[in-house]
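The values are calculated or read from the model by the stated rules, or taken from the named source; none is laboratory data. Fair warning: this is a prediction, and the values are worked out from it, not measured in the lab. Cβ placement follows ideal geometry from the backbone for every residue including glycine, while neighbour counts extend to all protein chains displayed. What goes into the accessible areas is simple: the full protein's heavy atoms, side chains included, and nothing from ligands, DNA or RNA. Shrake-Rupley method; radii C 1.70, N 1.55, O 1.52, S 1.80 Å.
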Amino acid sequence: MSTELNPLYNSLAFAYTAFANDRDFSREVEALGIKKSSQIEVCELFAGPAYHSIELLRSRCDVKVTAIDNSSLMKIEAQKLGFPEKGEYIVGNVCDTLESLQQAYDYFLILRYSLGLIPPKDLSRLLRAISNRLNFSGCVFIQLHRIDLIVNDFERLSIRERNVVSNSRNITCLWPSGPLKWREDCFEVQMPVTLFVDDERYETVSHEWIYTKTDLERECNLLGMSIERIKSIEQFFKQSCMYRLSFC
Ligand SMILES: C[S@@+](CC[C@H](N)C(=O)[O-])C[C@H]1O[C@@H](n2cnc3c(N)ncnc32)[C@H](O)[C@@H]1O
């Protein structure tokens, strides 16, 4: 299944936006330590509703934010939430878009496990494109799944069921809503996702590749970058591993 056609991020973008609003984005942005003082450029990849970009724009007057996502319906959701109509929300594939951009960024954000939405053949391409557009003193934050949670079909995942009311609609998301379906020969997985919007039930699938620190280390070695797990901020990004990639 192509991620471009995934209804979760297209026809059901309104529902994703509602149940994804389950975190304190202000605390998450603070935890990342994105500078407040000087003019900085941030690029949020796989931005979806762009909650983090919107929080950055709200809390920092000197920040310039670019959000990239391949769903035009997600862009509309982000604008409804306050992403400026004239702001830089680019609808396009992350690799193609980054390769076409000229400017450099101080921070790249790949949050909420989104790196796993691209296949292994695009992983090197994406990280190379990022390294080409990253200022020397900048860094990349990547939030990945915790492997110990995945191996039990996310039985211990606290956000497995989410219930919200949005625009008078009751939205429930079960993710995953059943056993994960693994490929036999690689870390490619189909996660069943069930959504209820009032009385309507939607069965969808999140098709993901599970990347680990080892995958990031291999790519960093090729790009002359270093990687560290920043456990100190994982309390703000619950049940995940947070990595920081940089040239230093
Ligand atoms: C998990 S969601 C949004 C994550 C968001 N950062 C958050 O914190 O809620 C992932 C997003 O990635 C987008 N996406 C998936 N594959 C993509 C690709 N190859 N290029 C650009 N966007 C992509 C989807 O449209 C979706 O909005």
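Compute, for residue 248, the solvent-accessible surface of its heavy atoms (probe 1.4 Å) with the complete set of protein chains present, and express it in square angstrom to the nearest 10.
Around 100 Å² of this residue is reachable by solvent.
Over the chain, with the other protein chains present, what is the accessible area per residue in square angstrom, probe 1.4 angstrom?
It amounts to 48 Å² per residue over the chain.
May I ask you to derive the relative contact order of the range 149-207, considering only C-alpha pairs under 8 Å and at least 6 residues apart, and to give it as an integer percent?
That works out to 25 percent.
Based on the mean of other beta carbon atoms within 10 Å per residue, what is the order of 182-189, 77-84, 52-59, most packed first?
Packing proxy ranking, top to bottom: 52-59, 77-84, 182-189.
Ignoring any ligand, DNA or RNA, what whole percent of the accessible area of the range 149-207 comes from carbon and sulfur when the probe is 1.4 angstrom?
In the range 149-207, the share of accessible area belonging to carbon and sulfur is 46 percent.
Given the rule -39500 (n - 2.57) for each run of at least 4 DSSP H residues, summed and divided by the residues of the chain, what is its mean residue ellipticity at 222 nm, to the nearest 500 deg cm²/dmol?
Result for the chain, helices only: -8000 deg cm²/dmol.
For the range 89-154, what is the relative contact order in percent, using Cα pairs closer than 8 Å and at least 6 residues apart in sequence?
Contact order relative to length: 46 percent.
Can you give the relative contact order of the chain as a percent, counting alpha carbon pairs under 8 Å and 6+ residues apart?
18 percent
List nothing, just return the count: lysine pairs in the chain, 8 or more apart or interchain, with Cα separation under 26 Å.
Lysine pair count for the chain: 23.
Calculate the FRET efficiency for residue 62 and residue 23 from the Cβ-Cβ distance with a Förster distance of 22 Å, rounded to the nearest 0.05.
The value I calculate is 0.35.
How big is the accessible area of residue 36 in square angstrom, nearest 10, if you roll a 1.4 angstrom probe over the protein chains?
Surface accessible to solvent at residue 36 totals approximately 120 Å².
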